Structures are given as C-alpha cells and as structure tokens.
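The values are calculated or read from the model by the stated rules, or taken from the named source; none is laboratory data. Keep in mind that what you see is a predicted model, and the values were worked out from it rather than measured. Neighbour counts run over all protein chains shown; Cβ positions are idealised from the backbone, glycine included. Ligands, DNA and RNA are stripped out before the accessible areas are found, and what is left, the full protein with its side chains, is counted by its heavy atoms. Shrake-Rupley method; radii C 1.70, N 1.55, O 1.52, S 1.80 Å.
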Amino acid sequence: MADAAVVGAGMTEFGVHDTTLQELFGEAAFAALDDAGVEADALDALYFGNAMGGQTENETHLGPRVASHIGAAGLPVQRFEDACATSANAFKNAVQAVDAGVHDIVLVGGVERCTPVTGKETPEMTRIFASASHRQYEQPTGLTFPGVFALLTKRHMHEHGTTEEQLAAVAVKNHAHGTHNPRAHFGKETTVEEVLEGPVVADPFRLMDCCPFSDGASAVVVVGGDLADSFDAPVDVGGVGHATDVVPLGDKADLTATQAARDAASEAYEEAGITAGDADFAEVHDCFTGAEVLASEAIGFAPDGEGGTYAAEGRTSLSGDRPVNPSGGLKAKGHPIGATGTAQIVELTEQIRGTAGERQVTDSEVGVAHNLGGDAATTVVSVLEAHS
Amino acid sequence: MSDLSYDEWADAVREGRLLGLACSCGHTNGSPTAACPHCGSRDLERVDLPTEGVVHTETTIQVPPATFETRGYQVVVVEVGDARVMGRVEGDEVDIGDRVTLAGTIAEDDDHPAPVFEAR
C-alpha cells in the first residue's frame, strides 16, 4: 500500500466559465485546502496539470502563476501534460513524493478551459485535441478524438458484438448519475432513443455518445501516511499504476485491449493488495461511450467483451453490482482536460467518506480511478481506500 | 538504429509505396520508429509492405478538425501484410474485413501525406 492519504478535495462546477485559468484553479485549490483545514503556507509543493493552455489561450508556464494566485509563490511547482491523463499523472507523482518522504504535504490539481469562451469554436478545438494523436501517421488522415475511439469501438463491436444500443445505455446511465451531481456540466436525463436519434459525430458515435467541451478545475491535498491521522477525514491511497502503449494506434498489438489501462490497473491493484473484485466502484475515462466499455473491461469491472452488456443490464449503474462513474463521468460531469484526473480523485474521496449525497454508492470502501490520455497511449489507475 | 526516416516513408507514400520495419521479434511496424516499439530492438529491417490489405477498423468522420474542409470522410486502419497502416478511403465506403488497395494520397494537412485506399 502507498504511504499516502488524500486529506482534502475540491473542484469547481464543470461547465462554461468565463473566468481566468488562475481564478478557476484558485476556486478548486481553496476548496481543497479548506476541506483539509490547512492554509497554502503549509504546503511543500504543488503538482499541477494543464494540457493545452498554450494552444487554447496562449498561456504557458502556468505553474508559478497559479501558485502566486493562491499565495504559494516560492513553492517548487511541477507542471504535467499528458493529454486527458494530465492531472492523474500529477497525482501519481505527488503520491510517490510523499510516499518517499520527499515532501510531507502537497497540493495536486489541474485546470483547463475548452469551451468557446476561449475564443476557439468546435473545428479549432477539435484540431487542438487531435494534436494528442500522432502528427505524422494519424493527423494527416483528418483523424479526430471521436474518430480515435470510434476506431477502437468499431473493432470491439466487430469482435464482441457490442451494439449501438449498448453504447447508448452508457450515456443514459451516466446522464442519470449526473442528475445527482450538482457540479456536473449536464444535469438532465436522456434515453436510448434520444441518443440513437442524435447527429453522427464519428460512427458509431452520435452527439450524445460524446463528452462535452468543458471548463473547470479540481484539486486534492495529499500527505504522507504518518500525517493522515492529524486530519479530519483522510482517505488512504492504496496504489497508483501508470503505463503507456504504442503510438500510433495502428501499431498497437490489440486495438480493443487498451493495454496501458490493463498494465496500470495491474500495478495499482498489486500495490494496494487487491483484485478488481475487491473494488466497490470505479470512475473511468468515458470521453465516449465506447471508451467506458473498453475501460470497464480493462480494469476488470466487466469480463472482456461484456462491457456493453453490463451497461445495458444496469450492472454498472449506481444500484448495480459493479457501479461505474457515479459522478456522471466525463459524459455528464464534463471533461476540462487537465482537471479531469484529479476530479476523479475528488469523487473517490467523497464516495469513500460517504458524503456523495444522492449519488452515494453503498458500501463504498474501495474505489478505482481510470484516467486515459491520447489514443489510449497513457493510462493512470489509482486505488483509494477507507482510512485504516 | 533503424534507417527509415519519416521523410523517406512520406516520399514512398507519395510514390504509391508503403514502407515498414520488420523486427526479429515478429512485429512489423507500419510507421517508422528508431527501435521496435514492442521489444526495443534497434536491428530492424526496412520492408516494402503490400499495397493491398484488409480493413481492420474504420469510421466516418462528420465533425472534422479545422483545416479539413469537407465532412463525411472515412478513416481506416488497414492490415497490410504483417503491419497496419492508417489512411483514408475514397470511393465506396468499406467495412471491417473488406479488401482494399492503395490508390493514392491526400495532403490536406501541411503537406503531410496520408495513404488513400479504395475498395477492391
């Protein structure tokens, strides 16, 4: 088990924010610090994630700027960029630093703006997102990120018989969960019929199979295990795994395995001393409905080939036996790229504390977060557990 | 280190050829790397890949990125011999398992060529 604990968690609403990046991050950071009951002067370091600020808003070297904004200038700040897995990688490095005794108490978080408040409309933002695919061997085809996951999902449909109705069931489930999350970008339910009538983005994905462009920020306070008991509501870090897979996607050994997720999950479960069956719920990277199907299989929440069936049968719903994305996931909660990884850690923390309100998973002592970046090229899997 | 650069691969695509790298581990790479991405060997053999193959997966993109003017184009991953290559399809749409043949290139993206396939 990792010798680390999450002792504070906070996030903004995900949605549209006509607010500067540092102000948005500050809102999440102070929520996390207040939740932990500490001030910025208690921090030893900041682990910060922002994936695309240089491309979207002409803003780079954000680390010292956000640190200054929250009254923490002078701290060592490391900034992470791993496409959509940006702040999960920041979390991994923070956990390893306190586990190793390099730091005692650190702030981890991320911020991103992806909506038209950046001045970038859908075609331009689609191109910026596509920069996380291979510049020479993928982008020249006109590939987009819905396209990346469409290629993986179509292969899964071919090999396992996954259907468009099963994909729609993932969207219906996550929208239903999102109605219980006051910070979700989308707060209304949908139906399989409504999903299947939407305009096609990249087949098999229609509009409602896709997560939105969102703005938002999230943050957590991480401490060494020996300090956990001096805080009100610590949640233990069981383990964190991190792996990459071959890019471009055509050269991956298996397009439906999302092997990096399998490797990261194995590493995290081994460190935590658990198997997938011991986990009570998971937050997975459902940037598209098909991505949740692949993810739930890769982390062992559904047998290979049955991720779609599990969703359609309600087994991955809040009331099912293998709950996935109680927060509403990226699909309903929203996906401000660099904030998504630590937002999953926020959800795990609240679920394990038992403070998730109407979206509370029953008996939620062990939670798994799966945060994926690029064309299934990076995945970080984290296991959080009730404090022992 | 392998002796296949991106520029050589791209020039070959423009000439109607697909170049790959074969490794003694059994993997053949459809795009140049300095070493085998699966086993790390730098002892890779440059190979001419077949220009006919089978569709491994496909999608048709209706919301393109900026710089791509026309929506509704099909992107495929094609099995060419022991390797896979990503490209476009022109003409009739194809399904997984269909046979396709290399039919040209597109260069809509800053002169970066992409192979174009068509149904056989």
Problem - Subset of the stretch A:242-258 [more than 9 Å from chain B (Cβ to nearest Cβ), without any contact (Cβ under 8 Å) to a residue 60 or more places away in the chain and touching an Asp or Glu at 6+ places or on another chain (Cβ under 9 Å)] - result: A:Ala257
Fill in the blank from the handout: The helices (runs of 4 or more DSSP H) lying entirely within the stretch A:80-170 that contain at least 3 residues which are touching a residue at least 40 places away in the same chain (Cβ under 8 Å) and more than 14 Å from chain B (Cβ to nearest Cβ) are A:86-99
Practice task
Just one of (1) more than 27 Å from A:Ser382 (Cβ to Cβ); (2) assigned to a helix (DSSP H, G or I) trips up A:Ala73, so point out which.
Solution key: (2)
Fill in the blank from the handout: A:Lys331 meets each of (1) in contact with a Cys (Cβ under 7 Å, 6 or more places away or on another chain); (2) within 13 Å of A:Ser87 (Cβ to Cβ) with one exception, condition (2)
Problem - Residue that is most open to solvent (accessible area, probe 1.4 Å) [pool: residues in the stretch B:31-46 that are hydrophobic (A, V, I, L, M, F, W, C) and either touching a His at 6+ places or on another chain (Cβ under 9 Å) or closer than 16 Å to B:Ala114 by Cα (or both)] - result: B:Cys39
Handout entry: Any chance A:Glu193 is open to solvent by 30 Å² or more (accessible area, probe 1.4 Å), free of Cβ contacts under 8 Å to residues at least 24 places away in the same chain and more than 14 Å from every other protein chain (Cβ to nearest Cβ)
Key = yes
Fill in the blank from the handout: Of the residues in the stretch B:13-61 that are in contact with a strand residue (DSSP E or B) (Cβ under 6 Å, 6 or more places away or on another chain) and of a type in the set (Asp, Glu), the one that is nearest to the other protein chains (Cβ to nearest Cβ) is B:Glu58
Fill in the blank from the handout: For the stretch A:70-119 the number of residues that are of a type in the set (D, E, K, R), over 20 Å from A:Phe30 (Cβ atoms) and within 21 Å of the chain's Cα centre (by Cα) is 3
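Would you say B:Ala114 is more than 12 Å from chain A (Cβ to nearest Cβ), within 15 Å of the chain's Cα centre (by Cα) and in a strand (DSSP E or B)? I'd like the intermediate steps shown before the answer.
Values: more than 12 Å from chain A (Cβ to nearest Cβ): no; within 15 Å of the chain's Cα centre (by Cα): yes; in a strand (DSSP E or B): yes.
Criteria not met by B:Ala114.
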Fill in the blank from the handout: Here the residues within the stretch A:330-388 that are polar (S, T, N, Q) and either open to solvent by 10 Å² or more (accessible area, probe 1.4 Å) or not in a helix (DSSP H, G or I) (or both) are A:Thr355, A:Gln360, A:Thr362, A:Ser364, A:Asn371, A:Thr378, A:Thr379, A:Ser382, A:Ser388
Practice task
Using the structure shown, decide if B:Pro64 is in a strand (DSSP E or B), farther than 15 Å from A:Gly250 by Cβ and facing chain A (nearest Cβ under 9 Å).
Solution key: no
Practice task
Would you confirm whether any residue within the stretch A:262-280 is within 14 Å of chain B (Cβ to nearest Cβ) and surrounded by 23 or more Cβ atoms within 10 Å (Cβ to Cβ)?
Solution key: no
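Can you tell me which residue in the stretch B:67-85 is farthest from the other protein chains (Cβ to nearest Cβ), limited to those that are among the small types (Gly, Ala, Ser) and open to solvent by 10 Å² or more (accessible area, probe 1.4 Å)?
B:Gly81
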Problem - In the stretch B:1-15, residue surrounded by the fewest Cβ atoms within 10 Å (Cβ to Cβ) [restricted to those that are farther than 19 Å from B:Val76 by Cα and touching a residue at least 24 places away in the same chain (Cβ under 8 Å)] - result: B:Met1
Exercise for the section: Output the residues belonging to the stretch B:69-85 that are of a type outside the set (Val, Ile, Thr), part of a strand (DSSP E or B) and in contact (Cβ under 8 Å) with a residue 40 or more places away in the chain. Expected result: B:Ala83, B:Arg84
Problem - Unique residue being open to solvent by less than 30 Å² (accessible area, probe 1.4 Å), among the charged types (D, E, K, R), within 13 Å of another protein chain (Cβ to nearest Cβ) and touching a residue at least 12 places away in the same chain (Cβ under 8 Å) when the list is A:Asp209, A:Asp215 - result: A:Asp209
Practice task
Any chance you could count how many residues in the stretch A:228-261 are in a loop (DSSP other than H, G, I, E, B), surrounded by fewer than 20 Cβ atoms within 10 Å (Cβ to Cβ) and acidic (Asp, Glu)?
Solution key: 2
Problem - Residue list for the stretch B:90-105, restricted to those being surrounded by 16 or more Cβ atoms within 10 Å (Cβ to Cβ) and either in a loop (DSSP other than H, G, I, E, B) or modelled with pLDDT under 95 (or both) - result: B:Val94, B:Ile96, B:Asp98
Practice task
Please specify each residue of the stretch A:281-305 satisfying the condition of being in contact (Cβ under 8 Å) with a residue 24 or more places away in the chain and open to solvent by 50 Å² or more (accessible area, probe 1.4 Å).
Solution key: A:Asp304
Completion exercise
Filtering the stretch B:95-104 for residues that are within 14 Å of another protein chain (Cβ to nearest Cβ) and farther than 19 Å from A:Glu138 by Cα leaves a count of 3
Problem - Index of the failed condition, A:Pro199 passing every other in (1) within 14 Å of another protein chain (Cβ to nearest Cβ); (2) within 19 Å of the chain's Cα centre (by Cα) - result: (2)
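Residues are listed down the side, and each one gets a yes or a no for (1) within 28 Å of A:Gly119 (Cβ to Cβ); (2) open to solvent by less than 10 Å² (accessible area, probe 1.4 Å):
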residue: A:His160; (1), (2): no, no
residue: A:Glu165; (1), (2): no, no
residue: A:Ala168; (1), (2): no, yes
residue: A:Asn174; (1), (2): no, yes
residue: A:Gly187; (1), (2): yes, no
Exercise for the section: Looking for whichever is buried (at least 16 other Cβ atoms within 10 Å of the Cβ) and either in contact (Cβ under 8 Å) with a residue 40 or more places away in the chain or of a type in the set (D, E, K, R) (or both) here; the options are B:Leu18, B:Leu49. Which one fits? Expected result: B:Leu18
